[in-house]
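Trainee: Sharing a structure, written as structure tokens. Questions coming.
The values are calculated or read from the model by the stated rules, or taken from the named source; none is laboratory data. Computed from a predicted structure; not experimentally measured. All Cβ positions, even for glycine, are placed from backbone atoms using ideal geometry, and neighbour counts span all protein chains on display. In case anyone asks, the SASA skips ligands and DNA or RNA and just uses the protein heavy atoms, side chains included. Shrake-Rupley method; radii C 1.70, N 1.55, O 1.52, S 1.80 Å.
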Amino acid sequence: DVLGAALATNSFGLVLYRLGDYGLARTHFEEALAIFRAAGLRIGIAHTLRHIGHIAFVEGEYQQAAQCYHENLVIEREIGSREGIAWGIVNLAIAVRYMGDLAHAMELWNEAMPLHEELDTKYGLAVCLTGLAGLQAQPIRTVQLLAAAHTAFEDSTEAIEPHYRAEHERCTNTV
């Protein structure tokens, strides 16, 4: 079963990603992506692109991460996944921020935050607040946003992904 193979390969890639074996995880994700593309499975393509983007990001390949996140977001919009759209915008915001496009990052954070509020995803809200904090010119506003992000992270039951942790630590260390 081709679909089963793609799902298993993608799942194994996720395990490797969480273990920090980014090279082998990328290999599995790229294999799964090829299968999903050949089968025309848009949701599989979208999720796998997001995973490849995460690896590119943690490896400092911000342009490639942004490309993966952009393609992911386009597909998420086409299939109408509200949660996928919210996370796609967040991921793209982080990548473009690291590429130095602060104005575009600010627009994306401001677009994603109400979606995460509407979906009641504390984790997503925390990531948005962290991103906005990192773009503030006023230190007091930065501290306020980081405090709100910290509370939202604590209220969430999810573990912080490496690329979100890096953004949170970068923002916290600049205060």
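Trainee: Just need the Rg to Rh number for segment 1-99, please, alpha carbons only, Kirkwood Rh.
Mentor: 0.96
Trainee: Would you mind putting 26-37, 121-132 in packing order, based on average other-beta-carbon counts within 10 Å, highest first?
Mentor: On the way: 26-37: 19.6, 121-132: 24.6.
Descending packing order for the listed peptides: 121-132, 26-37.
Trainee: From the phi of every residue in segment 122-129, what ³J(HN,Hα) in whole Hz does the Karplus formula 6.51 cos²θ - 1.76 cosθ + 1.60 yield, where θ is phi - 60° and glycine or proline is x?
Mentor: 4, 4, x, 4, 4, 5, 4, 4
Trainee: If you plug each phi of segment 60-67 into the Karplus form 6.51 cos²θ - 1.76 cosθ + 1.60 with θ = phi - 60°, what whole-Hz ³J(HN,Hα) values come out, in order, with x for Gly and Pro?
Mentor: With coefficients 6.51, -1.76 and 1.60, one gets x, 9, 5, 5, 5, 4, 4, 5 Hz.
Trainee: Might you work out the accessible area of D155 for me, using a 1.4 Å probe with all protein chains in place, and round it to the nearest 10 Å²?
Mentor: Roll a 1.4 Å probe over it and D155 shows about 100 Å².
Trainee: Which whole-number value in Å² is the accessible area per residue of segment 1-67, probe 1.4 Å? Write out the running numbers ahead of the final one.
Mentor: On the way: 3250 Å² over 67 residues.
Ligands and nucleic acids excluded, the figure is 49 Å² per residue.
Trainee: Could you give the length gained on full extension between E83 and E111, defined as 0.36 nm per residue of separation minus the Cα-Cα distance, in nm?
Mentor: Details: separation 28, 0.36 × 28 = 10.08 nm, distance 1.30 nm.
My answer for the length gained is 8.8 nm.
Trainee: Work out the FRET efficiency for D101 and E169 from their Cβ-Cβ distance, taking R0 = 22 Å, and round it to the nearest 0.05.
Mentor: Working: r = 21 Å, r/R0 = 0.95.
FRET efficiency, D101 to E169: 0.60.
Trainee: Let me ask something else. Measure off, as a whole percent, the carbon and sulfur share of the 1.4 Å-probe accessible area of segment 20-114, all protein chains present.
Mentor: On the way: 2170 of 3980 Å².
Roughly 55 percent, rounded to a whole number.
Trainee: Would you tell me the accessible area of V15, worked out with a 1.4 angstrom probe on the heavy atoms of the protein chains, in Å² to the nearest 10?
Mentor: Spelled out: V15, probe radius 1.4 Å, area about 80 Å².
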